[in-house]
Amino acid sequence: MKQYEYVHIRIGKFIGAKLESHREIIDEYASRGFTYAGYIPTNITDYGKFKEIDLIFEKDC
């Protein structure tokens, strides 16, 4: 069986905004035994830009 955790991330509102906070989050979860499994966009603009995403982490129970 797998255990999943989700981390909500807001992406900057400026065009071309650079996001780096995800690296710290991935490192933190890796140190706790989780593997990065992917992401799900949770808020998308009319033009297809992601405004918010959930990072998904998993580990064996």
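The values are calculated or read from the model by the stated rules, or taken from the named source; none is laboratory data. These numbers come from a predicted model, not from an experiment. Note: ideal-geometry Cβ built from the backbone for every residue, glycine included; neighbour counts use all protein chains shown.
Contact map, segment 19-38: first residue under 12 Å from Glu5 (Cα atoms), second residue at pLDDT 95 or above and surrounded by fewer than 11 Cβ atoms within 10 Å (Cβ to Cβ), Cβ cut-off under 8 Å, separation 6 or more or different chains; pairs are Ala37/Tyr4. Candidates are the residues of segment 36-59 that are touching a helix residue (DSSP H, G or I) at 6+ places or on another chain (Cβ under 8 Å) and not aliphatic (A, V, I, L, M); the one that is surrounded by the fewest Cβ atoms within 10 Å (Cβ to Cβ) is Tyr36.
Summed over segment 41-55, residues that are within 11 Å of the chain's Cα centre (by Cα) and either without any contact (Cβ under 8 Å) to a residue 24 or more places away in the chain or on the phi > 0 side of the Ramachandran plot (or both) total 1.
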